[in-house]
Amino acid sequence: MTKAAELAKMGEVLTNSQIGGRRNIIINGAMQVDQRNSGSSVNLANAKVYAVDRFYWIESSSETPTGQRVTDAPNGFTHSVKITNTSTTTTPSYTQLVQSIEGNNVSQLYFGNSSAESVTLSFYVKSSLTGQFSASLRNGASNRSNVSTYTINSANTWERKTITFVGDTTGTWTTDTSVGLDLIFRLDDTGGTSSLNQWTATGDAFASGSVRFMGNASATWQITGVQLEVGSQATPFEHRSFGEELALCQRYYHEQGRVETGHNYEGFVIANAYTTSAARCHYFLPTKMRAIPTFTATGSFELLGSSAGSITGIALADGGGNPSVGLNISASSITDGHAFQLRSHDDADAVFTFDAEL
Amino acid sequence: MNIESVKYVVTYGTTDNSSITCTIDGQEMSVPLDPANRHYQAILEWVAEGNTIEEAD
């Protein structure tokens with residue numbers, strides 16, 4: 001590139017406000033944060049399964065690929081997410097990796113207005129397969145979509161891809177805590193559209209003629225360095241600190257216990273008994289979550305303290321809360337008015353989860 | 001989502017429903033009555049299909 005061309009490009013980038021402030025709309029684009037699995041392989045299914053934080057897999061039927069955060073990554077990155085096909089199913093309606101982006105985080109795109117901004121997607125991808133693949137943007141109602149393609153030229157080689165999507169000047173685009181925008185990497189589909197690089201009033205996410213991933217046994221597909229930014233130029237990946245990225249993920253999912261500590265006995269909360277069979281506590285979330293979270297307690301727990309009985313259940317109290325979640329601990333034969341520590345009981349995998357995903 | 005064993009929980013000392021206990025995709029969970037919560041949204045769709053949430057004890 002000549003100096004003049006380089007300066008012109010820089011000018012365009014500056015005009016589009018692509019330098020300065022936060023650029024990447026995607027959370028966990030470098031695939032570093034994996035609260036649920038800590039790098040373990042997970043079986044993907046026809047319900048949302050998170051192979052890493054914020055990126056979920058969803059498919060139409062029960063194919064059995066696996067997803068895993070791995071350390072194979074291009075220069076400048078430490079992790080990628082790897083999808084491995086374990087079967088040769090050729091008839092799924094769809095299989096895809098998705099990041100659903102909260103409406104609050106895409107309001108600056110002005111989608112649905114005449115001044116809608118173009119956005120540019122960039123990412124690193126590697127696959128055992130070569131050819132045309134699909135990437136798309138879609139609104140939360142799945143009635144506005146823009147399907148584009150990228151080509152993997154060499155098998156098992158990291159390649160960087162960039163795609164610019166023009167802004168959608170029509171349609172309904174939410175800017176609240178619901179889904180504002182879905183970024184979709186669809187790897188298989190029985191159909192496919194030939195209306196590419198334009199907005200259509202459909203939920204399409206697959207370009208006709210794209211590689212059918214699920215028909216290739218043992219095929220692999222990896223991705224990292226995912227960035228979606230305002231403007232028509234792809235800028236270098238915006239690396240955020242691990243702590244920042246984790247905090248952004250915790251707006252949607254948080255857990256305590258399990259593999260993070262590896263301790264068989266870990267203190268979770270202090271609770272006080274208000275009857276002889278129940279105690280209450282408040283669990284303070286690290287950040288206000290997108291919605292009041294769903295709570296799960298998995299594993300073995302115990303109450304420490306005088307006359308502490310065995311636990312029969314832990315659930316939301318008085319509707320939960322956000323960012324302070326009320327929890328009710330059902331137990332047998334505890335002393336009313338006493339305070340207890342709730343801890344895991346000889347169980348390194350005991351875990352509290354709080355889920356406010358989209 | 002495969003939704004099973006759906007039951008209301010009331011606020012202590014009242015008869016007001018405050019959350020739901022249920023099993024979704026094999027995982028027992030406690031779901032708030034928050035319209036923005038994805039599990040509650042799924043339960044409402046499950047109810048719209050003709051299913052019923054069991055009253056609290």
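The values are calculated or read from the model by the stated rules, or taken from the named source; none is laboratory data. All figures in this text were calculated on a predicted structure; none of them were measured in a lab. Cβ coordinates were reconstructed from backbone atoms using ideal geometry, including for glycine residues, and neighbour counts include every protein chain displayed. Ligands, DNA and RNA are stripped out before the accessible areas are found, and what is left, the full protein with its side chains, is counted by its heavy atoms. Shrake-Rupley method; radii C 1.70, N 1.55, O 1.52, S 1.80 Å.
Listing for the model above:
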| quantity | calculated |
| --- | --- |
| Among (1) more than 19 Å from B:Glu28 (Cα to Cα); (2) in contact with a Phe, Trp or Tyr (Cβ under 7 Å, 6 or more places away or on another chain), the one test that A:Phe295 misses | (1) |
| Members of region A:28-46 that are open to solvent by 20 Å² or more (accessible area, probe 1.4 Å) and within 14 Å of chain B (Cβ to nearest Cβ) | A:Arg36, A:Val42, A:Asn43, A:Ala45, A:Asn46 |
| Qualifying residue in region A:313-322 (condition: outside any strand (DSSP E or B) and more than 9 Å from chain B (Cβ to nearest Cβ)) | no |
| Wholly within chain B, strands (runs of 3 or more DSSP E) carrying at least 2 residues that are under 15 Å from A:Phe295 (Cα atoms), within 11 Å of another protein chain (Cβ to nearest Cβ) and in contact with a His (Cβ under 9 Å, 6 or more places away or on another chain) | B:17-24, B:27-32 |
| Enumerated strands (runs of 3 or more DSSP E) restricted to region A:129-192, each holding at least 3 residues that are out of contact with any Cys (no Cβ under 9 Å at 6 or more places or on another chain), at pLDDT 95 or above and among the charged types (D, E, K, R) | A:159-165 |
| Close pairs from region A:128-149: first open to solvent by 10 Å² or more (accessible area, probe 1.4 Å), partner of a type in the set (A, V, I, L, M) and outside any loop (DSSP other than H, G, I, E, B), Cβ under 7 Å, at least 6 apart | A:Leu129/A:Ile152; A:Thr130/A:Ile152; A:Gly131/A:Ile152; A:Gln132/A:Ala207; A:Arg138/A:Ile184; A:Gly140/A:Val179; A:Thr149/A:Leu196; A:Thr149/A:Ala207 |
| Tally of residues being crowded, with 19+ Cβ neighbours inside 10 Å and assigned to a loop (DSSP other than H, G, I, E, B) across region A:74-113 | 7 |
| Where a residue in region A:216-227 is of a type in the set (A, V, I, L, M, F, W, C) and its partner, wherever it lies, is at pLDDT 95 or above and open to solvent by 10 Å² or more (accessible area, probe 1.4 Å), with Cβ under 6 Å and at least six apart | A:Ala219/A:Ser128; A:Ala219/A:Leu129 |
| Residue check, B:Tyr40 farther than 29 Å from A:Asp176 by Cα and surrounded by 14 or more Cβ atoms within 10 Å (Cβ to Cβ) | no |
| Positions within region A:294-304 being touching a Lys or Arg at 6+ places or on another chain (Cβ under 9 Å), of a type in the set (Ser, Thr, Tyr) and either more than 8 Å from chain B (Cβ to nearest Cβ) or over 13 Å from A:Gly321 (Cα atoms) (or both), in sequence order | A:Thr298 |
| Test: residue in region A:273-293 that is assigned to a strand (DSSP E or B), away from chain B (no Cβ under 14 Å) and buried (at least 18 other Cβ atoms within 10 Å of the Cβ) | no |
| Scope region A:5-27; condition surrounded by 12 or more Cβ atoms within 10 Å (Cβ to Cβ), at pLDDT 70 or above and not charged (D, E, K, R); matching residues | A:Asn24, A:Ile25, A:Ile26, A:Ile27 |
| Selected residue (criterion: farthest from A:Gly225 (Cα to Cα)) from residues of region A:48-66 that are open to solvent by less than 20 Å² (accessible area, probe 1.4 Å) and hydrophobic (A, V, I, L, M, F, W, C) | A:Trp57 |
| Test result for A:Glu255, open to solvent by less than 50 Å² (accessible area, probe 1.4 Å), away from every other protein chain (no Cβ under 14 Å), in contact (Cβ under 8 Å) with a residue 40 or more places away in the chain and not hydroxyl-bearing (Ser, Thr, Tyr) | no |
